[in-house]
1. Tell me, please, whether a residue that is over 14 Å from residue B:248 (Cα atoms), away from the ligand (no atom under 14 Å from the Cβ) and part of a strand (DSSP E or B) can be found in the stretch B:130-151.
2. Could you identify the single residue in B:291, B:350, B:317, B:295 that is within 14 Å of the ligand (Cβ to nearest atom) and more than 30 Å from residue B:90 (Cα to Cα)?
3. Could you please tell me which pairs satisfy a Cβ distance under 7 Å, a separation of 6+ or placement on different chains, a first residue in the stretch A:203-218 that is farther than 11 Å from residue A:241 by Cβ, and a second residue that is outside any helix (DSSP H, G or I)?
4. With A:382, A:387, A:373, A:354 as the choices, which residue is touching a helix residue (DSSP H, G or I) at 6+ places or on another chain (Cβ under 9 Å), within 14 Å of chain B (Cβ to nearest Cβ) and either in contact (Cβ under 8 Å) with a residue 40 or more places away in the chain or closer than 16 Å to residue A:278 by Cα (or both)?
5. Show the residue pairs meeting these rules: Cβ distance below 7 Å; 6+ apart or different chains; first residue within the stretch B:1-25 and more than 26 Å from residue B:270 (Cα to Cα); second residue in a loop (DSSP other than H, G, I, E, B).
6. Counting only residues that are outside any loop (DSSP other than H, G, I, E, B), in contact with a strand residue (DSSP E or B) (Cβ under 6 Å, 6 or more places away or on another chain) and surrounded by fewer than 24 Cβ atoms within 10 Å (Cβ to Cβ), how many does the stretch B:183-195 have?
7. Kindly indicate whether any position in the stretch A:213-221 is modelled with pLDDT under 95 and either within 30 Å of residue A:141 (Cα to Cα) or under 21 Å from the mean Cα position of the chain (by Cα) (or both).
8. Taking the criterion of being within 14 Å of chain A (Cβ to nearest Cβ), without any contact (Cβ under 8 Å) to a residue 12 or more places away in the chain and within 14 Å of the ligand (Cβ to nearest atom), would at least one residue in the stretch B:93-103 satisfy it?
Ligand SMILES: Cc1cc2nc3c(=O)[nH]c(=O)nc-3n(C[C@H](O)[C@H](O)[C@H](O)COP(=O)(O)OP(=O)(O)OC[C@H]3O[C@@H](n4cnc5c(N)ncnc54)[C@H](O)[C@@H]3O)c2cc1C
């Protein structure tokens, strides 16, 4: 019965609501159909495995990949390595720790405790501007007109990437993100090639920028990363390239879904939307509940055990590919009461939406702030908003899941 | 058989909490959460509403928070009668009354004791009263010490290099103050974490400019004519000029007020069962007196039923919640407090965390990272099983090791881990000054996640 369930999850026709399939999946908490990945779907198992030092994120340790629709793409080692070395997302400590620490220096505490809070006014300005320019309130595509441009503008500003270049790296980012999508119909070799080329071009583009910043440092993260801090604390140029590529792409492809999923969910729950309009501070727990209810990253395909490990009595052989289905863990009734209910008032919300352990989302503070500002402002300013189409059309990607368009109407835009 | 008395207790009973701090507050909140509608009285000898202590040796000394702004966040309304600024002075278990120092008496149906510990004072009373000599336990201590540090003393002497002493030294250095640490043992933190980790801590002190003196005792504090401290004399014959001294020699349990009450309370704390019910002096468990937090001493099945007293923030919270739950439950619904000890500290920019009972460990193995980089995980072994773990700037792995402890997993861990370095290939003696060796017996393992589905599995000895 569970046969073929992975295929169904990947099947585009189930994109708008994969949750019943996850429920099915949880009946076999360690799911394996002979050749493919070992799929882990319950909250506590995922949570434990994310803290398990016997699990590697480094694709070099992957051996048994037969039948894994994600092997070889961005998820695997091959395609990426030839273009750029793996980013810290796909490294184990100590390399992971070293790179993440250095990346954090210009980004967060203890060295840069005010960076994100300091962007609040900027963020607010961009949100206001985008809402001001939504145009005809009868025809708004929230993705193209708001949810996409907002985080992209922000990540460009943070890194110091010229916003005008967006059309160029937009397509590279799209291609690279698509490489993470286990589209069963795509030709893996072709996907590998396209992803590789996109990473190559993005790398070359970033190399030019970094070169420029070395000569002319600005107050942005690229400049600070390029400058380094002392002998031990400098990234090689290749490390710098893959780190900035990671930030640029992650800054592109995730928050857009968080915001869009958020607005979609709010429009499906008008009472919550109304409450948010009255009580803007509700947005803080609301975004946490969103990260549980509709996480932008549905699953982590990048883990492999260094040794045979046992999970719920099932032995997962060393080198196997493992998928941790965060979105399923988030709806696990053994962890959350009424997991399928969107309830921003729930008391106990420790979701997996931003991962956990050493690879937990690096950009989390920024993503949270972006989503909070975006949703509270949309709630405040859109007069009587409504969905044109439910469900909306989704993007192809099953891993980075979200609507491709979100058409809404409203009676007007408030000042 | 439920006879309705529990319902009556919930509806109109009287619950008294003595000790209005972390454990007391969390217990009170839990009681209300569980539907207790009766009268709740909170008795505390300090004049303040419940506040948080860990910041006192961290943010407060750094000037990042003030001691009077560390009030504990409230989880909910508790609608209590507060008797603050007056100590409880006695207990009459027969008539179920708590006596207060002001002569009042407060009757109860259920009593919760959470009086915690206090700092062990400098043994020579007159020296301890010199201006500039501090302990650090209370908000008032924090205010006084922070003020003296603000004044820019020429040298601070910290006596005792346990967690609190080390944190104080770290804060002083961060403020650019000259600081000497005197420790009787061979290294900082040896008592809690052993000599192998103590050596790392010692390096941390020295690299951060602390004048660390180990294997030495302070024998006398000397004041000037105005009653201000001016120097300390050491057992090696040396003298140190200093104008602030922080005595950080551990804690004493606040149990004196229970003398003669018939409760099993003494210098080592108040003994209770795993359900937080206090023992009386005959070793018989009471049904209406519960204990939680630093003052409690309870048997832990996972650690050979040893009575553990823990001075850990997380323990106070978890034990208070369990005690409150049990206070309002039929005996069959009671839960054991089988919290796995966990502790954190932050000093010299390093985040230190431990789980389990490292001090029971005889061996340690560095399973991840490296001591030289001060980013590592050390696992403690005791008779072939994992008994504790410590991380320096590596805490995201700790949950795994906690599960290893709960499962009484074999030591040394037989599997490879990410970030295993060459110095972590085999265990070495953990090097505790005085290994306390509990008897070998049957084992208990823990499983399950939420308090409600936590399970113990009993394995007879010899298996
Ligand atoms: C400076 C400092 C730093 C710390 N840092 C950490 C840390 O980093 N990590 C960690 O895990 N733990 C830390 N701790 C320990 C943690 O604060 C304690 O474990 C926790 O406060 C215990 O709570 P409690 O309610 O049991 O006891 P307490 O907080 O001590 O509360 C007991 C209360 O009862 C009062 N009382 C005593 N006798 C009577 C009486 N007869 N009548 C009425 N009231 C009475 C006391 O005055 C006190 O207010 C630290 C403690 C200190 C002092």
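1. Yes, the stretch B:130-151 contains at least one residue that is over 14 Å from residue B:248 (Cα atoms), away from the ligand (no atom under 14 Å from the Cβ) and part of a strand (DSSP E or B).
2. The conditions single out B:350.
3. Qualifying pairs under 7 Å: A:213/A:160; A:218/A:160.
4. Values: A:382 fails: within 14 Å of chain B (Cβ to nearest Cβ); A:387 fails: within 14 Å of chain B (Cβ to nearest Cβ); A:373 fails: within 14 Å of chain B (Cβ to nearest Cβ).
Step by step, each of A:382, A:387, A:373, A:354 is checked, and only A:354 is touching a helix residue (DSSP H, G or I) at 6+ places or on another chain (Cβ under 9 Å), within 14 Å of chain B (Cβ to nearest Cβ) and either in contact (Cβ under 8 Å) with a residue 40 or more places away in the chain or closer than 16 Å to residue A:278 by Cα (or both).
5. Short answer, once both residue conditions are applied: B:2/B:330; B:11/B:37; B:11/B:38; B:12/B:38.
6. To start, the set of residues in the stretch B:183-195 that are outside any loop (DSSP other than H, G, I, E, B) comprises B:183, B:190-195.
Applying the additional criterion that residues be in contact with a strand residue (DSSP E or B) (Cβ under 6 Å, 6 or more places away or on another chain) yields B:183, B:193.
Going one step further and asking which of them are surrounded by fewer than 24 Cβ atoms within 10 Å (Cβ to Cβ), we end up with none.
Of the residues in that region, 0 qualify.
7. yes
8. Checking the stretch B:93-103: not a single residue is within 14 Å of chain A (Cβ to nearest Cβ), without any contact (Cβ under 8 Å) to a residue 12 or more places away in the chain and within 14 Å of the ligand (Cβ to nearest atom).
The values are calculated or read from the model by the stated rules, or taken from the named source; none is laboratory data. This structure is a prediction, so every number in the text was calculated from the model and none was measured. Cβ atoms come from the backbone with ideal geometry, glycine included; neighbour counts cover every protein chain shown.
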